Amino acid sequence: MGPYSFNNFCESLEMPGLHQKTFSNIAKRLYSQNERLADQVFSKTATFVRRERIRQSALDVSEEDIIDKR
């Protein structure tokens, strides 16, 4: 949804809209925070999956070793 669609939506609810520049600044901040959060989630997920794979397979590997996908 861009600033024009957002403002049309706000107008239909009889709410004030946002200037295009204000909308863009907020959208950029949200996008940046969302990317950072996604990176954290993916990193934690990868670490969890690796630990579970090692635990379930009773593998003797270090943190740097590559686990075979078999």
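See the values below:
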| read-out | value |
| --- | --- |
| Candidates 23, 48, 9, 42 - the one that is in a helix (DSSP H, G or I), of a type in the set (A, V, I, L, M, F, W, C), over 22 Å from the mean Cα position of the chain (by Cα) and surrounded by 10 or more Cβ atoms within 10 Å (Cβ to Cβ) | 9 |
| Unique residue being out of contact with any strand residue (DSSP E or B) (no Cβ under 6 Å at 6 or more places or on another chain), at positive phi and modelled with pLDDT of 85 or more when the list is 14, 35 | 14 |
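The values are calculated or read from the model by the stated rules, or taken from the named source; none is laboratory data. Treat the numbers as computed from the prediction; the structure is a model and nothing was measured. Positions of Cβ are backbone-derived with ideal geometry, glycine not excepted, and every protein chain shown enters the neighbour counts.
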